[in-house]
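The values are calculated or read from the model by the stated rules, or taken from the named source; none is laboratory data. The model shown is predicted, which means the values in this text are computed figures rather than measured ones. In this analysis, Cβ positions are derived from the backbone assuming ideal geometry, glycine residues included, and neighbour counts consider all displayed protein chains. Please note that ligands, DNA and RNA were not included when accessible areas were found on the heavy atoms of the full protein model with its side chains. Shrake-Rupley method; radii C 1.70, N 1.55, O 1.52, S 1.80 Å.
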Amino acid sequence: MIAGNVLLDVDDLKVHFRTDEGVVRAVDGVSFHIDEGETLGVVGESGSGKSVTSLAIMRLLGTSGAMAPGGAIRFGGMDLLGMSDPEMRRIRGNAIAMIYQEPMSSLNPVHTVGRQIAEVVRLHQRLDRKAADRRAVEMLELVGIPEPARRARNYPHEMSGGMRQRVMIAMALACKPRLLIADEPTTALDVTIQAQILDLMRQLQRDIGMSILFITHDLGVIAEMADRVVVMYAGRTVEEATVDDLFVKPLMPYTMGLLDSVPRVDTAGPASGKLRTIPGNVPNALMRPLGCAFEPRCGYAMDACRRQMPVLEDTGGGHMVRCHRWGDIVRKEAG
Amino acid sequence: MIHVDPATAETRAPTMGKPLLDIRNLRRYFPLQRGVPPGRAIGVKAVDDVSFTIGTGEVVGLVGESGSGKTTVGRTILRLKQPTSGEIFFDGVDLVPLETAAMRPYRKQMQIIFQDPYGSLNPRMNVGRIIGEALGTHGLAPGSARADRIGELLLAVGLRPEHMRRYPHEFSGGQRQRIGIARALAVEPRFIVGDEPVSALDVSVQAQIVNLLDDLRSRLSLTMLFIAHDLAVVKHISDRVIVMYLGRIMEIAPVDALYSSPRHPYTEALLASVPVPDPRARRNRAPLQGDIPSPMNPPSGCVFRTRCPIATDECAKVVPPLEQVAPGHFKACIRR
Ligand SMILES: Nc1ncnc2c1ncn2[C@@H]1O[C@H](COP(=O)(O)OP(=O)(O)OP(=O)(O)O)[C@@H](O)[C@H]1O
Ligand SMILES: Nc1ncnc2c1ncn2[C@@H]1O[C@H](COP(=O)(O)OP(=O)(O)OP(=O)(O)O)[C@@H](O)[C@H]1O
Ligand SMILES: [Mg+2]
Ligand SMILES: [Mg+2]
């Protein structure tokens, strides 16, 4: 890992949507960076703005009702939000590629999967049709699809959920991106194939120095893949730490609740009784509380939490947290 | 060891009553004939001779490798796909020969939560209409009660009543998945196929949904086929678990037996590959070696043998039958 060279820098990103009900503040202050060759894990509540953040990086929010994003996104020194559309098209799918959360939303139902991969390759690389087709089959083989040449002629609906997901992975990796944004890339895969895909990503990372923004709800996968982790809640970054620090000494009560809710296969005895959850629900994205968005559900909440939004603070060694109570939490954990 | 025909054997847990579902010798082949001369056509044996039962109020987990036929099993049971052959008894009635009209009363009793929420929600309908339509089709919650009922369902899955007016594309992946869950629960079905129903949810919301389903099971005897790759969730919610590989059942067992003493090498490989949520336990997992076989051209004998660490020549010769190794515990492996 070549540490220290920042590849992507997201600074106070804001993405708001105009809807019939009012303005939805989907992303409302997200900051993080990724170094070259690094894997940054992103976890967080369903609906906390993880996918919208990645679509903003890809500049794919066009027709969704999104207002112009606030803040800044810099990639290899370039200002992505200020870039022209043709410039962005050269980067998208090439230097920055994305594995989308829902494969069916980004695969074209009327073309074979082989053709779709080949087209991405031809768009960015000087390959003739035949060579691009060959590359598509190679990529399908790489992601563990048996009889890839035959499968290349399948339409998306003829494949299982996990095969479609691997088609997307093949498409994203085909041009050897510098930054891979992987939004829940392995949810439809069984754990043995998941292990192979994770190995493949690590391999490419070693070979070409690729950086990965890895979004997942699977904390086991995070533990295995990530160097650092960002935790999101209600449109904001609420904690950021190295993977070891996050699992060993989480500082934000939401992160603690999340880690407590993880079901495990290796716990002793029959898995009986209810799973633990974080009580309550996420706040309405239209009427966010003045103070900390997690306050209504937080066991540590005090008056100040209701009145004032905490800032993202460095607690030392790059462990960042957005919580008024972090000092008390550290002392409590220590004592 | 006794050889039992799984189609007639008591493959259900002894504590469960008369099965609500009884699947016998289910097969579903997909022809793949494009560009191939007729007669030489190849097909995919997506589901190949699958038999099992589910008792009333029982939750059966269905796990297995990607492409092994889990979704096809689920959709065929609900007759969203026609089986190539086999029988599907629901409450004692074989659904396979039923015409559309005769099938109608069963449609309300059996629901599915689709694996792909994006593709299963009509993009032109707002959420109120999507759920309202399910209620309307079956004459439930008429008139002014409807909006209340929709709001109630949305709250139950951790969304908000005001989300009724939003369209599917205005939600996150996990929120869309929960709309699919609310729609399936709306008609108060007796049986649900959950096809990866919680895969897009963070662990806290996931726990909330799993607890909700648990609750419906104990209050209303909701019966469920729970398809998932997350073995921890399956362990938590299931009474029994079925493991599939390339269209066939490899193992069926009560949940504790499956996790504590798996008898099939594929089940063992699955359990050994689960990532552990602890970076200090980061280990070098040895993913299965060997070629992943193609369902268009499956290996002879045991379909798992090309990746199996203990396979012998013998394994290429016979299709291993499902054998009972303990009460309710079946495995298809001649080496164990
Ligand atoms: N086009 C849109 N119009 C209005 N609101 C939207 C739109 N797209 C997303 N949202 C809202 O923005 C918020 C963030 O959505 P996003 O998809 O980024 O969540 P996420 O963190 O990826 O969640 P998940 O884990 O469920 O995938 C959600 O509350 C969602 O409802
Ligand atoms: N409409 C179809 N036409 C042709 N083949 C199909 C069709 N639907 C499914 N198949 C094939 O049937 C096999 C089983 O698919 P299925 O979707 O049931 O798998 P699955 O176990 O649900 O996998 P996953 O875990 O990836 O969702 C696959 O090889 C798939 O390609
Ligand atoms: Mg998302
Ligand atoms: Mg499936």
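Rounded to the nearest 0.05, the FRET efficiency derived from the C-beta distance between A:ARG18 and B:ARG149 at R0 = 35 Å is 0.75. Please give the helix B:145-156 orientation as an angle from the longest Cα principal axis of chain B, in degrees from 0 to 90, rounded to the nearest 10. Roughly 50 degrees between the two axes. Compared with the dominant Cα axis of chain B, that is its longest principal axis, helix B:173-186 is turned about 80°. Please give the helix B:100-109 orientation as an angle from the longest Cα principal axis of chain B, in degrees from 0 to 90, rounded to the nearest 10. With both axes taken from Cα atoms, the answer is about 80 degrees. For a modelled paramagnetic label at B:GLU188, 7 Å from Cα along Cα-to-Cβ, the residues of the range B:206-225 in reach, with backbone nitrogen under 16 Å, are B:216-223. Which of the pairs A:LYS130/A:LYS176; A:LYS50/A:LYS176; B:LYS45/B:LYS317; A:LYS14/A:LYS274; B:LYS70/B:LYS331 have their Cα atoms more than 26 Å apart in this structure? In this structure, A:LYS14/A:LYS274 lie more than 26 Å apart at Cα. Remark: mean inter-chain Cβ contacts per residue of A:189-201 equal 6, using a 10 Å Cβ-Cβ cutoff to other protein chain atoms. Ellipsoid semi-axes for chain B, based on the Cα gyration tensor and the rule √(5λ), read 34, 23, 21 Å when sorted largest first. Take each residue in A:151-163, count the other chain C-beta atoms within 10 Å of its C-beta, and the mean is 4. Simple rule: put +1 on each Lys or Arg Cβ and -1 on each Asp or Glu Cβ in the range B:15-331, find the dipole, and look at B:VAL203, B:VAL96, B:ALA134; the Cα lying farthest toward the positive end is B:ALA134. When chain B is treated as a GNM with alpha-carbon contacts under 10 Å, the residue of B:ALA46, B:ALA156, B:ALA145 showing the greatest mean-square fluctuation is B:ALA145.
Kirkwood radius, the range A:195-254, all distinct C-alpha pairs, inverse of mean reciprocal distance: 12.7 Å. When chain A is treated as a Gaussian network with alpha carbon springs shorter than 10 Å, the biggest mean-square fluctuation among A:ALA118, A:ALA26, A:ALA195 belongs to A:ALA195. Summed over all non-identical Cα pairs, the Kirkwood treatment of the protein assembly as shown gives a radius of 26.0 Å.
Whole-percent P(r), the range A:25-94, all Cα pairs, 5 Å bins from 0: 3, 13, 26, 26, 20, 10, 2. Looking at chain B, the accessible area is 39 square angstrom per residue; that uses a 1.4 Å probe and ignores ligands, DNA and RNA. With the charge dipole of the protein assembly as shown set up from +1 on Lys and Arg Cβ and -1 on Asp and Glu Cβ about the Cα centre, the Cα lying farthest toward the positive end among the listed residues A:VAL321, A:MET252, A:VAL113 is that of A:VAL113.
Among B:GLY174, B:GLY247, B:GLY55, the residue with the largest mean-square fluctuation in a Gaussian network model of chain B, with springs joining Cα atoms closer than 10 Å, is B:GLY174.
Put a plus charge on the Cβ of each Lys and Arg, a minus charge on the Cβ of each Asp and Glu, and nothing anywhere else: the dipole of the range A:37-126 about its Cα centre is then about 340 debye.
Here's the list of lysines a cross-link from A:LYS249 could span, going by alpha-carbon distance under 18 Å and ignoring same-chain residues fewer than 8 apart: A:LYS332. In the distance distribution for the range A:134-278, Cα-Cα pairs more than 25 Å apart total 40 percent.
Using only side-chain charges placed at the Cβ, +1 for Lys and Arg and -1 for Asp and Glu, the dipole size of the range B:15-331 relative to its Cα centre rounds to 700 debye.
Note down the Stokes-Einstein diffusion coefficient of chain A in µm²/s, whole number, using a Kirkwood radius over alpha carbon pairs, 25 °C, and 0.890 mPa s. Estimated via Stokes-Einstein, D reaches 116 µm²/s. Listed by chain and number, the aspartates and glutamates placed with their C-alpha closer than 16 angstrom to that of B:LYS18 are B:GLU10, B:GLU58, B:ASP91, B:ASP94, B:ASP239; residues fewer than eight positions away on the same chain are left out. Karplus-derived 3J(HN,Hα) values for the range A:131-140, using 6.51 cos²θ - 1.76 cosθ + 1.60 with θ = phi - 60°, are 5, 5, 4, 4, 4, 4, 5, 4, 5, 4 Hz; glycine and proline are entered as x. Here is the result for the range B:195-244: no trypsin sites (Lys or Arg not before Pro) lie in DSSP coil with at most 16 other C-beta atoms within 10 angstrom of their C-beta. Of the GluC sites (Glu not before Pro) found in the range A:198-256, none is in coil by DSSP with at most 12 other Cβ atoms within 10 Å of its Cβ.
Distance between the modelled labels on B:THR137 and A:GLU138, one decimal in nanometres: 4.7 nm (7 Å Cα→Cβ projection).
Rounded to the nearest 20, the size of the Cβ-charge dipole of the range A:225-311 about its Cα centre is 380 debye, with Lys and Arg at +1 and Asp and Glu at -1.
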